[in-house]
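Comments concern the structure below.
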Amino acid sequence: MEVDHLADERSKAQFDVEEMKIVWAGSRHAFQVSDRIARLVASDPAFQKDHRARLGRKELFKNTLRKAAYAWKRINELRLTEEEASRLRFFVDEPAFTDLHWGMFVPAIKGQGTEEQQQKWLPLAHKMQIIGCYAQTELGHGSNVQGLETTATFDPQTDEFIIHSPTLTSSKWWPGGLGKVATHGVIYARLLTNGQEHGVHGFIVQIRSLDDHLPLPGITVGDIGIKFGSGAYNTMDNGVLRFDQVRIPRNQMLMRVSQVTREGKVVQSDVPRQLVYGTMVFVRKTIVGDASNALSRAVCIATRYSAVRRQFGSQKGGLETQVIDYKTQQNRLFPLLASAYAFRVVGEWMEWLYTDVTQRLKANDFSTLPEVHACTAGLKSLTTSATADGIEECRKLCGGHGYLHSSGLPELFAVYVPACTYEGDNIVLLLQVARFLMKTVSQLGSGKKAVGTTAYMGRVEQLMQCRCDVQNAEDWLKPSIVMEAFEARATRMSVACARNLSKFGNQEEGFLELSADLVEVAVAHCQLIVVSKFIEKLQQDIPGKGVKNQLENLCSVYALNILHKHLGDFLSTGCITPMQASLANDQLRSLYSQVRPNAVALVDAFNYTDHFLSSILGRYDGNVYPKLYEDAWKDPLNDSIVPDGFHEYVQPILKQQLRNAKL
Ligand SMILES: CCCCCCCC/C=C\CCCCCCCCCCCCC/C=C/C(=O)SCCNC(=O)CCNC(=O)[C@H](O)C(C)(C)COP(=O)(O)OP(=O)(O)OC[C@H]1O[C@@H](n2cnc3c(N)ncnc32)[C@H](O)[C@@H]1OP(=O)(O)O
Ligand SMILES: Cc1cc2nc3c(=O)[nH]c(=O)nc-3n(C[C@H](O)[C@H](O)[C@H](O)COP(=O)(O)OP(=O)(O)OC[C@H]3O[C@@H](n4cnc5c(N)ncnc54)[C@H](O)[C@@H]3O)c2cc1C
């Protein structure tokens, strides 16, 4: 009979775990779909994944192609909905060319193509009769999109664009799916007509033949090579691509934002030029939601293992202390648990924000676009940095065993860290947020109302002077007090930076000089958004015994831990005193004690199968030691007692030593 080594932990929970599962999933329906698909994937041997790190690149990649084809077959056989298919991709847990096809190529056509273009290309893409990638980044430029060098020159004689890579640095470099699989790509290039340049635009270009999969004439394409970590992101074929005067019909330029007429005239639509960047906004909001997935997974492993692992403190031969009971462990682990829940909430809000802007754009209302850009960029940066650091912290929280591949943490880290770079380097994105904030501050005096996530700046005078009203530690549990402290911090930092900027004659020069401070301002603003959205969520009716109370504790842990980590910001802006900061820390410690008995149940609420977690340390039943021991013997090195190469290389050394000793 299977023994649940964590049963005791589970019995301590003070809330309804089943109801928390629904909060985590977003709705009862979402939970049911997710639960069903997770089981479907876990029970299908075709989706086995524990051997990935031992495969060579070619075998690994072929295995991914097999899985993708099988997944597609099952999606069609079972007639899965879009939601179900997307859950299937999530639980299969393997980066593949299909991510870029569905996650970027299709959205780029939807967002930047005209109705006519959508009608032509989307049915092909939806049936996967063509497979697309998103080819923007080049060897020489990624962040600086305006600096891309690939050209698309209109030839009025033939009514075609000539796509060309004029330099080595203009080679497309990084696009996922491009290396070996994609038949088409949305290629970003500088538009040239009648000898004039018109900025970067997207073009649908066929890369490989649909008959024999060979590159079309004028195209050089391949994979860019092995990436960080074993297995990990190497299931993806990130590619390199060069064009030698490749011709495409005029109607393959994505023309929702600008059109090129038969004569080569460029006509701007009434939508803003920035919509050319719309796919990045879409993916950044997806990445925010996904951060909670990756962080919760690491936290689930570290929490369960911390409850299993015991070190020191045995009294009279009794059990040693569970490491989760050490305050230092709690102080590292519980803020990550709280962050996972916080990012879940903010991810949900981000979905709402995106739906809202999409509807507005349809009605030609572009007013919220700058804010949506700032929110998606800023929160993508904040959540991915925190998640990447959080996964590594979870590895350390698991001590030595966390470094084993079978802990599930090294591969999770290797797959996750590029999220800090792709879809915009996190620092570059925070600088975008800072620009938006400096603009907002500069407009405060002009009567323009600060709205949305910057509405708090409308109370700049009050926030510049307010003094926090905390008398005792429990006061820090009041949402109004926390909000005021975060708003005062963000406002004061923004205003201080804006004042410093105004000392520079040249704004751009000032921006460069102060960029490190500006990044901190952007972080303060984004952390405020997360805290405020979590607090807003708690104002809703949340059913289930004790569920809301747990979420309130986690929200307070998230906020007070940030306050503690960024104490310098809060103190130097004068809103709170050192005594109040110390009370916040007392409250944080007390919250840890309240989270402690619920910790295992709070990670059970993520509803992850053992297949998905892929971690011996994070097993649901906590049966860690026998399984670790068993697993060691499965390593190919243990197939033979004496390893290959021993007689050839090591034995001669030993014999030499023996000879020397005899001499
Ligand atoms: C094996 C199993 C398989 C299973 C299969 C199952 C089948 C599948 C079924 C379902 C599956 C579903 C799967 C879905 C998965 C989805 C997952 C998605 C995967 C993601 C993987 C990621 C891969 C990575 C991709 C990339 O990295 S793409 C490249 C990204 N590149 C960047 O992000 C570049 C960053 N740089 C920039 O964004 C900008 O250029 C800049 C930094 C903003 C610089 O801009 P600036 O210099 O200011 O220049 P301007 O261009 O002049 O802008 C000025 C102006 O514009 C505003 N602005 C800027 N950006 C935007 C924007 N995006 N939106 C709106 N506005 C913007 C800016 O604020 C300025 O405004 P003002 O003038 O008003 O100030
Ligand atoms: C796994 C992975 C998958 C990818 N997939 C795709 C894809 O499918 N399609 C695609 O088109 N691209 C893809 N990319 C490329 C990715 O979008 C870029 O790498 C990313 O946007 C960062 O750009 P960069 O490489 O030019 O970095 P750089 O901008 O060169 O960054 C280098 C350093 O310079 C700093 N820096 C740069 N500019 C500034 C500035 N203005 N101020 C201060 N500091 C600055 C950065 O912070 C960073 O520390 C992928 C990348 C990875 C790693």
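Data overview
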| quantity | calculated |
| --- | --- |
| Nearest-20 debye value, segment 105-269 charge dipole, Cβ charges on Lys, Arg, Asp, Glu | 300 |
| Dipole magnitude (debye, nearest 20) for segment 44-94, charges at Cβ of Lys, Arg, Asp, Glu | 360 |
| Point-charge dipole on Cβ atoms (K/R +1, D/E -1) for the chain, about Cα centre, debye to 20 | 400 |
| Protection proxy ranking of 263-276, 24-37 - average other beta-carbon atoms within 10 Å, highest first | 24-37, 263-276 |
| Label-point separation, residue 27 to residue 316 (7 Å along Cα→Cβ), nm | 5.7 |
| Filter on 12/316; 21/533; 285/627; 62/396 - keep pairs with C-alpha separation over 31 Å | 285/627; 62/396 |
| Gain on full stretching of the segment that runs from residue 540 to residue 567 - 0.36 nm per residue minus C-alpha separation | 6.7 nm |
| Between segment 1-35 and segment 247-325, the Cα center-to-center distance that results, in Å | 25 |
| Highest average packing first - 647-658, 121-132, Cβ atoms within 10 Å | 121-132, 647-658 |
| Along each principal axis, Cα extent of segment 105-269, largest first, Å | 52, 35, 28 |
| Cα-derived Rg over Rh, computed across segment 446-574 with Rh taken as Kirkwood radius | 1.03 |
| Cα-based radius of gyration of segment 45-167 once divided by 2.2 N^0.38 Å, which approximates compact folds | 1.33 |
| P(r) weight above 14 Å for segment 37-91, C-alpha pairs, percent | 56 |
| Alpha carbon convex hull of segment 522-568, volume per residue in cubic angstrom | 53 |
| Relative pair counts by distance (%), Cα atoms of segment 68-110, 10 Å bins | 27, 57, 15 |
| In nm, spacing of pseudo-spin labels at residue 651 and residue 328 (7 Å Cα→C-beta vector) | 4.7 |
| Anisotropy class of segment 298-414 from Cα gyration tensor, a/c 1.5 cut | prolate |
| Model label zone, residue 267; criterion: amide N under 11 Å from point 7 Å along Cα-to-beta-carbon; scope segment 353-392 | none |
| For segment 410-451 and segment 561-620, distance of Cα centres in Å | 24 |
| Prolate/oblate/rounded label for segment 229-291 (Cα gyration tensor, a/c 1.5) | oblate |
| Rg and Dmax of the chain, Cα atoms only, in Å | 27.3, 94 |
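A short reminder: the numbers here are calculations on the coordinates, not readings from a lab. These numbers were taken from a predicted model, which means no experiment stands behind them. Counting neighbours? That spans all protein chains shown, and the Cβs are built from the backbone with ideal geometry, glycine included.
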